[in-house]
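Chemist: Before anything else, here's the structure in question.
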Amino acid sequence: MKLYDLLENNAETQLENIEISMITDDTRKVQKDCLFICVKGGSFDGHTAAAEMLEKGAAAVVCERDLGLGERQIITENSRILYGKLCCAWFGHPEKKLRMIGVTGTNGKTTITNVIKHVLMKNGHKTGLVGTIQNEIGDEIFHTENTTPFTFEFIELLDRMAKAECEFVVMEVSSFGLVQNRIGASHFETAVFTNLTQDHLDYHKTMEEYYKAKKMLFDICDCAFINTDDEYGVRLMNEIGCEKYSFSVKENADVYADGISIKSTGSSFTYHNGTDAYEVKSRIPGMFNVSNLTAAISVCLESGISAEGIISAIAEYNGVKGRCEIIPTGRDFTVICDYAHTPDAVENILRSVKEYTENNLICLFGCGGNRDAAKRPKMAAAAAKYADKLVVTSDNPRNEEPEMIIKDILAGLENTETAYDVVTDRREAIYHALKIAEKGDIIVLAGKGHEDYQVLAGMKKIHFDEREVVAEGLELL
């Protein structure tokens with residue numbers, strides 16, 4: 001592609017007629033006649049390698065300051081933003097060929113996006129999914145390492161979806177993806193805000209910066225659905241200028257749920273949208289999932305799907321792996337696997353499960369290493385609020401000592417009367433939870449959810465599927 005065509009008047013250069021072989025911000029991928037984008041990251045600044053990349057064969061570099069490279073440097077105010085636009089141009093603007101739906105917030109993104117995709121597919125609309133668990137193009141499944149892929153990979157994925165004749169793309173839009181401009185020039189037909197609770201402060205540093213990152217999505221969407229049961233949602237409703245609607249499970253909003261019934265086998269409620277009301281039945285339990293379903297229904301109606309088509313699709317949907325997932329035991333107690341890894345998410349899942357627990361509610365949880373340590377005691381306090389018994393263990397310790405992470409967690413249990421056991425090894429901790437379970441108990445395994453691995457010292461990843469571990473533990477009883 002000619003450099004002039006690639007730039008699309010987004011930057012000036014004297015090298016307009018040269019042919020570009022590829023574009024990249026990765027020094028390892030630089031090849032002859034490529035365009036190298038200098039991006040400043042947390043540990044490496046691409047500007048320091050610009051001259052070397054030209055020597056390696058790059059035709060030109062994009063940078064944010066004069067590097068003394070003459071006509072072979074293209075100076076822009078923000079390399080990340082321009083890189084996103086260049087990627088869109090490189091692939092022929094696939095983002096303009098797709099109806100894009102984005103969901104952001106701390107919790108609920110995976111459930112909402114998966115429900116929306118299920119409903120759209122069931123109603124005859126081929127749909128792509130970009131998310132935490134996996135990426136999907138129609139019925140095809142692809143592994144993913146990041147909730148929001150890096151810029152080039154993300155636009156390339158959109159291109160594959162467009163070529164596969166997807167009509168919609170439903171995606172979890174992470175705060176990282178927004179502040180790092182990974183989504184390129186994407187514009188969203190509809191966007192959802194779920195909630196905002198403490199998470200990722202190792203990166204964003206403050207809740208205010210975390211909020212501002214999430215808010216960025218609503219500058220690039222046509223219509224928004226905002227959870228006003230959340231205090232940040234109330235604030236967001238007052239600060240954005242797009243078409244917007246509030247949703248709630250607590251009070252009347254633009255769209256809301258009432259008549260709510262929650263059981264271990266699912267939920268039922270009445271969905272209200274203006275003067276319209278629909279009876280909804282779902283196999284997904286939990287009050288927080290009623291909120292998630294309310295958002296998903298609203299998006300699908302906005303997308304032109306009939307209420308009947310939406311309700312029937314939801315009624316047959318079994319839920320998302322690792323999101324309030326019941327693991328079969330064949331015993332007189334229940335085991336639930338959930339991805340809850342923030343204080344708010346732990347409190348939500350336990351509050352909901354507590355409503356239908358016949359005997360004791362047992363919560364097993366840990367906290368990840370090399371992540372926001374301030375939330376560790378808060379996780380413990382949230383778990384103790386509703387659980388009758390706690391099993392404190394490891395999650396993904398990474399390069400921290402598991403015992404030191406647990407020490408941080410236990411600080412949150414100093415003023416509680418909830419009984420707890422500490423079992424550092426997560427496998428042994430699950431075995432222990434199964435051993436102490438009695439008739440009518442529910443065990444919630446919090447933190448891993450869909451993950452089938454643990455990350456240990458040296459960032460070594462080992463296979464660890466809690467469904468398999470539960471089965472092993474049951475055989476030992």
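The values are calculated or read from the model by the stated rules, or taken from the named source; none is laboratory data. As the structure is a prediction and not an experimental result, all values here were calculated from the model. Glycine also receives a Cβ, built like all others from the backbone with ideal geometry; neighbour counts cover every protein chain displayed. These accessible areas exclude ligands, DNA and RNA; they are computed on the full protein's heavy atoms, side chains included. Shrake-Rupley method; radii C 1.70, N 1.55, O 1.52, S 1.80 Å.
Chemist: Name the one entry in K378, K389, K407 that is more than 20 Å from D338 (Cα to Cα) and basic (K, R).
Modeler: K407
Chemist: Just checking, which of L217, L236 is more than 24 Å from I310 (Cβ to Cβ) and either open to solvent by less than 10 Å² (accessible area, probe 1.4 Å) or modelled with pLDDT under 95 (or both)? Can you show your working first?
Modeler: Numbers: L217 fails: more than 24 Å from I310 (Cβ to Cβ).
Testing whether each residue is more than 24 Å from I310 (Cβ to Cβ) and either open to solvent by less than 10 Å² (accessible area, probe 1.4 Å) or modelled with pLDDT under 95 (or both) leaves just L236.
Chemist: OK, next. Among the numbered criteria (1) within 28 Å of L476 (Cα to Cα); (2) surrounded by fewer than 20 Cβ atoms within 10 Å (Cβ to Cβ), which single criterion is violated by N370?
Modeler: Result: N370 passes all but (1).
Chemist: While we're looking at this one, here's another question. In the stretch 373-393, which residues are open to solvent by 10 Å² or more (accessible area, probe 1.4 Å) and either touching a residue at least 60 places away in the same chain (Cβ under 8 Å) or out of contact with any strand residue (DSSP E or B) (no Cβ under 9 Å at 6 or more places or on another chain) (or both)? I'd like the intermediate steps shown before the answer.
Modeler: Initial filter on the stretch 373-393 (open to solvent by 10 Å² or more (accessible area, probe 1.4 Å)): 373-375, 377-378, 381, 384-386, 388-389.
Passing the criteria: A373, A374, K375, P377, K378, A381, K385.
Chemist: If you don't mind, another one. Check whether at least one residue in the stretch 7-14 is in contact with a Phe, Trp or Tyr (Cβ under 9 Å, 6 or more places away or on another chain), under 12 Å from Y83 (Cα atoms) and part of a helix (DSSP H, G or I), and report yes or no. Walk me through how you get there before you give the answer.
Modeler: Let us first name the residues in the stretch 7-14 that are in contact with a Phe, Trp or Tyr (Cβ under 9 Å, 6 or more places away or on another chain), namely 13.
Add one more test, that the residue is under 12 Å from Y83 (Cα atoms), and what stays is none.
No, the stretch 7-14 has no match at all.
Chemist: Still on this structure, I have one more. Using the structure shown, decide if E428 is open to solvent by 60 Å² or more (accessible area, probe 1.4 Å) and over 23 Å from S352 (Cβ atoms). Full working, then the answer.
Modeler: Values: open to solvent by 60 Å² or more (accessible area, probe 1.4 Å): yes; over 23 Å from S352 (Cβ atoms): yes.
It is true that E428 is open to solvent by 60 Å² or more (accessible area, probe 1.4 Å) and over 23 Å from S352 (Cβ atoms).
Chemist: Shifting gears a bit: Considering only the stretch 80-186, give the helices (runs of 4 or more DSSP H) lying wholly within it that have at least 3 residues that are β-branched (V, I, T) and touching a residue at least 40 places away in the same chain (Cβ under 8 Å).
Modeler: 109-122
Chemist: Related question: Answer with yes or no whether S246 is part of a strand (DSSP E or B), open to solvent by less than 20 Å² (accessible area, probe 1.4 Å) and without any contact (Cβ under 8 Å) to a residue 24 or more places away in the chain.
Modeler: On the way: part of a strand (DSSP E or B): yes; open to solvent by less than 20 Å² (accessible area, probe 1.4 Å): yes; without any contact (Cβ under 8 Å) to a residue 24 or more places away in the chain: yes.
Criteria met by S246.
Chemist: Now, a different point. How many residues are small (G, A, S) and crowded, with 24+ Cβ neighbours inside 10 Å when one looks only at the stretch 263-281?
Modeler: Qualifying residue count for the region: 0.
Chemist: Report the residue count in the stretch 222-243 for those that are of a type outside the set (F, W, Y), within 18 Å of the chain's Cα centre (by Cα) and in a strand (DSSP E or B).
Modeler: Keep residues of the stretch 222-243 that are of a type outside the set (F, W, Y), which gives 222-224, 226-231, 233-243.
Restricting the remaining residues to those that are within 18 Å of the chain's Cα centre (by Cα) gives 224, 226-227, 230, 233.
When the remaining residues are screened for being in a strand (DSSP E or B), the result is 224, 226-227.
Number satisfying all stated conditions: 3.
Listed here are the residues, each with its yes/no results for (1) touching a Ser or Thr at 6+ places or on another chain (Cβ under 6 Å); (2) farther than 21 Å from N348 by Cα; (3) β-branched (V, I, T); (4) not in a helix (DSSP H, G or I).
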| residue | (1), (2), (3), (4) |
| --- | --- |
| A383 | no, no, no, no |
| I443 | no, no, yes, yes |
| K461 | no, yes, no, yes |
| G473 | no, yes, no, no |
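Chemist: I'd like the full set of residues that are open to solvent by 50 Å² or more (accessible area, probe 1.4 Å), in contact with a Ser or Thr (Cβ under 8 Å, 6 or more places away or on another chain) and either outside any loop (DSSP other than H, G, I, E, B) or basic (K, R) (or both), limited to the stretch 57-79.
Modeler: Answer for the stretch 57-79, where residues must be open to solvent by 50 Å² or more (accessible area, probe 1.4 Å), in contact with a Ser or Thr (Cβ under 8 Å, 6 or more places away or on another chain) and either outside any loop (DSSP other than H, G, I, E, B) or basic (K, R) (or both): just E71.
Chemist: Ok, one more. Cβ contacts < 6 Å: first residue in contact (Cβ under 8 Å) with a residue 60 or more places away in the chain, restricted to the stretch 222-236; second residue hydrophobic (A, V, I, L, M, F, W, C) and in a helix (DSSP H, G or I), any location; separation 6+ or different chain. Result?
Modeler: Here the result reads F225/A295, each pair linking the stretch 222-236 to a residue that is hydrophobic (A, V, I, L, M, F, W, C) and in a helix (DSSP H, G or I).
Chemist: When the stretch 450-473 is examined, which residues are found to be aliphatic (A, V, I, L, M) and open to solvent by 20 Å² or more (accessible area, probe 1.4 Å)?
Modeler: Looking only at the stretch 450-473, we keep the residues that are aliphatic (A, V, I, L, M), and these are 455-457, 459, 462, 469-471.
Answer for the stretch 450-473, where residues must be aliphatic (A, V, I, L, M) and open to solvent by 20 Å² or more (accessible area, probe 1.4 Å): L456, A457, M459, I462, A471.
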